[in-house]
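Quick notes on the structure that follows.
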Amino acid sequence: MADLYMRSFARHHDIRIVAVYDRSEERLEAFSKYWNIDAASDLNALFSALPEDGLVLNLTNPHAHYE
């Protein structure tokens, strides 16, 4: 799902993605390298990278949101 969003974001030059995070280090490394985006080491790092007017897009499977 995240790759679909990334292709869509590429059409919107006013959107800036500052970092991505995944609980799986392997997925995080592959995704961030493929899309050339900074990988946050954990959720705290992700939130620290977020600008004041930014937002977080959660593309997690709904069953895993709480976890």
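Hey, among the residues in the range 10-26 that are out of contact with any helix residue (DSSP H, G or I) (no Cβ under 9 Å at 6 or more places or on another chain) and outside any loop (DSSP other than H, G, I, E, B), which one's nearest to ASP53 (Cα to Cα)?
Filtering first and then ranking leaves GLU25.
How about the range 48-67: which of its residues are closer than 18 Å to LEU28 by Cα and open to solvent by 70 Å² or more (accessible area, probe 1.4 Å)?
Matches in the range 48-67: SER48, VAL56, LEU57, ASN58, ASN61, HIS65, GLU67.
If only one of ALA49, ALA45, ALA39 is in contact with a Leu (Cβ under 9 Å, 6 or more places away or on another chain) and touching a residue at least 12 places away in the same chain (Cβ under 8 Å), which one is it?
ALA39
Inside the range 32-42, can you point out the residues that are in a helix (DSSP H, G or I) and open to solvent by 90 Å² or more (accessible area, probe 1.4 Å)?
Answer for the range 32-42, where residues must be in a helix (DSSP H, G or I) and open to solvent by 90 Å² or more (accessible area, probe 1.4 Å): LYS33, TYR34.
The values are calculated or read from the model by the stated rules, or taken from the named source; none is laboratory data. Given the structure is predicted, the values throughout are model-derived calculations rather than measurements. We place every Cβ from the backbone using ideal geometry, glycine too, and count neighbours over all the protein chains shown. Keep in mind that these areas ignore ligands, DNA and RNA; they rest on the heavy atoms of the full protein, side chains included. Shrake-Rupley method; radii C 1.70, N 1.55, O 1.52, S 1.80 Å.
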